[in-house]
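The values are calculated or read from the model by the stated rules, or taken from the named source; none is laboratory data. Fair warning: this is a prediction, and the values are worked out from it, not measured in the lab. Glycine also receives a Cβ, built like all others from the backbone with ideal geometry; neighbour counts cover every protein chain displayed.
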Amino acid sequence: MDFAHSAKVQDLQRRVGAFMDEHIYPNEARFHAEIEENRRKGNAWVPTRVVEELKQKAKQAGLWNLWLPESEYGAGLTNLEYAPLCEIMGRSHLGPEAFNCSAPDTGNMEVLVRYGNEEQKKQWLLPLLDGTIRSGFAMTEPAVASSDATNIAASIVRDGDHFVINGRKWWTSGAGDPRCKILIFMGKTDPQNANRHRQQSMILVPMETPGVRVVRNVPVFGYDDAPHGHSEVDFKDVRVPVSNLLLGEGRGFEIAQGRLGPGRIHHCMRVIGAAERTIEAMCKRALTRVAFHKTLAEQGVWRERIANARMKLDQARFLVLHAAWKMDTAGNKAAQKEIAMIKVVAPTVACEIIDQAIQLFGGAGVSDDFGLGWLYANSRTLRIADGPDEVHRNHIAKLELSRYIKI
């Protein structure tokens, strides 16, 4: 395997990095100011002007929809080629959306590309690719342990030319955003099927459908992440046409596996970028902050911690690149172990680095002045989102043990 970046990728790295320097980082303060302005007016769930402006600039710069490998809709990049670009975007909370490369839209667009019919693509994929609407993924439920997806209990019942949907979902990221127009909903169409992995289906549910109600936006460690956020959504007697079904009845698990593989690696790419920027902040702080007559950079304990951060992050980065290479060369299913490994390693390493940064910054680290608290909350959430560490570790162990079972 060769991780050397091609001339095309090096050019994109330069262009994406320059865009971040010129447009993204300088507008982070404005983004927060706009949210607080909207909050004072009584509604923080309003799209910010700055992000919409940045999206237009990224389009004009030809830095749009850089993901989506093996698709006519993407930029023609492989997972391995996209990885360093996604990492750069992940250095700022504004980056991914500005380039139309943010979750959950990327995962949902991947579902529509892979499993949607032509009408579904025309109605929902094209506006998502254009960045004029956003989407949500309604899978996790508050009433069941959703780390075991076979527990999903929401119902999808056929009634003539429609399906009737009932259930309660949460952590449906972006459902509170007024730009969110479509949800991909997972529920049971055949709860009595002996094969537990054939009981579920996925279906498209427009947000404006009667019976869809956002109950609340669920904060993460006190952060509401407006105007995106994470919603609890109630579905009561929601009727959608049979034509909204994706792929076919009983194929929800198949779709989920196709969606979550790319989604997981994108999360890992972004969080590595966030951790890289955190190391930079640690080093700059350590070189300028004086305690006990020496800069923190001159004190052995902080040199050791910075060294450990660098070693761990580079290990995580190379593991992500290897997983991306495996997905490109052998397919997502063949790369399931590598994807599971990075899903555990990357957020864990990021959490450790951010925690050390908080410690180095001292009182400033636990304030909101430097964004480390939000960054930790976001990274810590990734150890649960798209499957908790324990599920991935169990899967890795099964795959490893299977190599030694005699047939």
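Look through Leu125, Leu77, Leu129 and report the one residue that is buried (at least 18 other Cβ atoms within 10 Å of the Cβ) and farther than 30 Å from Ile165 by Cα.
Answer to the selection: Leu77.
Residues in segment 315-365 that are of a type in the set (Val, Ile, Thr), more than 17 Å from Ile396 (Cα to Cα) and crowded, with 23+ Cβ neighbours inside 10 Å: Val349, Ile353, Ile354.
Residue check: is Gly229 farther than 30 Å from Trp325 by Cα and under 17 Å from the mean Cα position of the chain (by Cα)? In short, yes.
I'd like to check something: does segment 225-234 contain any residue that is buried (at least 20 other Cβ atoms within 10 Å of the Cβ), among the aliphatic types (A, V, I, L, M), touching a residue at least 12 places away in the same chain (Cβ under 8 Å) and outside any loop (DSSP other than H, G, I, E, B)? Looking through segment 225-234, at least one residue is buried (at least 20 other Cβ atoms within 10 Å of the Cβ), among the aliphatic types (A, V, I, L, M), touching a residue at least 12 places away in the same chain (Cβ under 8 Å) and outside any loop (DSSP other than H, G, I, E, B).
Conditions (1) surrounded by 20 or more Cβ atoms within 10 Å (Cβ to Cβ); (2) farther than 19 Å from Asp234 by Cα; (3) not hydrophobic (A, V, I, L, M, F, W, C), marked per residue:
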site	(1), (2), (3)
Asn151	no, no, yes
Ile156	yes, no, no
Lys181	no, no, yes
Gln192	no, yes, yes
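Inclusion of Ala175 among residues that are among the hydrophobic types (A, V, I, L, M, F, W, C) and over 23 Å from the mean Cα position of the chain (by Cα) is not warranted.
Residue count for segment 277-288 under the criterion of being without any contact (Cβ under 8 Å) to a residue 24 or more places away in the chain and either touching a Leu at 6+ places or on another chain (Cβ under 6 Å) or over 23 Å from His93 (Cβ atoms) (or both): the result is 2.
From the list Ala334, Ala274, which one is free of Cβ contacts under 8 Å to residues at least 12 places away in the same chain, among the hydrophobic types (A, V, I, L, M, F, W, C), closer than 30 Å to Glu70 by Cα and outside the structural domain of Arg91 (by TED's automatic domain parsing)? Walk me through it before giving the result.
Numbers: Ala274 fails: free of Cβ contacts under 8 Å to residues at least 12 places away in the same chain.
Ala334 is the lone residue from the list that is free of Cβ contacts under 8 Å to residues at least 12 places away in the same chain, among the hydrophobic types (A, V, I, L, M, F, W, C), closer than 30 Å to Glu70 by Cα and outside the structural domain of Arg91 (by TED's automatic domain parsing).
Residues to consider are Arg264, Arg270; find the one that is part of a helix (DSSP H, G or I), modelled with pLDDT of 95 or more and out of contact with any His (no Cβ under 8 Å at 6 or more places or on another chain). Break it down stepwise before answering.
On the way: Arg264 fails: modelled with pLDDT of 95 or more.
The match here is Arg270.
Among the residues of segment 368-407, those that are within 17 Å of Glu28 (Cβ to Cβ) and either in the same structural domain as Ala138 (by TED's automatic domain parsing) or exposed (fewer than 13 other Cβ atoms within 10 Å of the Cβ) (or both) comprise Asp368, Asp369. Selection of segment 18-74 for residues being in contact with a Pro (Cβ under 9 Å, 6 or more places away or on another chain), closer than 23 Å to His266 by Cα and small (Gly, Ala, Ser) yields an empty set. Scanning segment 49-81 for residues that are within 14 Å of Met109 (Cβ to Cβ) and either of a type in the set (Ser, Thr, Tyr) or in contact with a strand residue (DSSP E or B) (Cβ under 9 Å, 6 or more places away or on another chain) (or both) yields a total of 2.
Residues that are polar (S, T, N, Q), at least 2 per element: which helices (runs of 4 or more DSSP H) completely within segment 327-390 meet that? If you could, list the steps in order and put the result at the bottom.
On the way: elements: 336-361, 363-366, 372-381.
In segment 327-390, the matching helices (runs of 4 or more DSSP H) lie at 336-361, 372-381.
Taking the condition free of Cβ contacts under 8 Å to residues at least 24 places away in the same chain, basic (Lys, Arg) and within 15 Å of Phe370 (Cβ to Cβ), does Lys294 pass? No.
If the condition is being without any contact (Cβ under 8 Å) to a residue 24 or more places away in the chain and not polar (S, T, N, Q), then segment 338-370 contributes Glu338, Asp355, Ile358, Gly362, Gly363, Ala364, Gly365, Val366, Asp368, Asp369.
Condition check ((1) of a type outside the set (Asp, Glu); (2) within 30 Å of Asn394 (Cβ to Cβ); (3) modelled with pLDDT of 95 or more) across all residues:
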{"position": "Arg91", "(1), (2), (3)": "yes, no, yes"}
{"position": "Asn117", "(1), (2), (3)": "yes, no, yes"}
{"position": "Lys122", "(1), (2), (3)": "yes, no, yes"}
{"position": "Leu125", "(1), (2), (3)": "yes, no, yes"}
{"position": "Asp130", "(1), (2), (3)": "no, no, yes"}
{"position": "Gly160", "(1), (2), (3)": "yes, no, yes"}
{"position": "Lys169", "(1), (2), (3)": "yes, yes, yes"}
